[in-house]
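Each reported figure results from applying straightforward, stated rules to the coordinates on display, with no laboratory input. None of these values were measured; they are calculated from a predicted model. Here Cβ is always computed from backbone atoms with ideal geometry, including for glycine, and neighbour counts include all displayed protein chains.
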Amino acid sequence: MTMDGVNKCIPDLEYRVFMLKLSRQITTQDIAELKYLLSSLIPESKKESLKTALELFRYLEMLLFVGANNLANLKELFRRMDKPELCQMITKFIQDRNTRTVESFKEFVMRMFRRSVNWFLIQVRGH
């Protein structure tokens, strides 16, 4: 199975891969700053256990603060932290995902059109 096939079987795989790549760009200082900015969301007792960016992201996903279709909050945090490269990564991921969604929709419409034409031709020839 190709990677495209895997992506279709696991809808959020693209998001998970993206979050993994994003986490590799985040320093321990960035994590500390994120936890500080999110003080109203993350209890003090939980902050210490969130040591990696992935752990922090997973916790924020459980709070529905971020997700596959909700990266605006994270982008805003990075903007406030003056991390334009991380904002750009999120922007590019969203744009690429939207492009893939539009392309998938176009493919779907064309398949449905072909099926309709084929059905019509069968009906016309059958009568």
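With respect to the cross-link table entries Lys47/Lys75; Lys47/Lys92; Lys35/Lys83; Lys21/Lys51, which display a Cα-Cα separation exceeding 23 Å? Check vs 23 Å cut-off fails for Lys47/Lys92. Ranked by the mean number of other Cβ atoms within 10 Å of their residues, highest first, the peptides 73-79, 119-125 fall in the order 73-79, 119-125. Given 25 °C and 0.890 mPa s, how large is the Stokes-Einstein diffusion coefficient of the range 13-103 in µm²/s, with Rh as the Kirkwood radius over Cα pairs? After rounding, the answer is 182 µm²/s. Taking θ as phi - 60° and the Karplus parameters 6.51, -1.76 and 1.60, the scalar couplings of the range 42-59 work out to 10, x, 3, 5, 8, 3, 5, 7, 8, 8, 10, 4, 4, 4, 5, 4, 4, 5 Hz in sequence order, x denoting glycine and proline.
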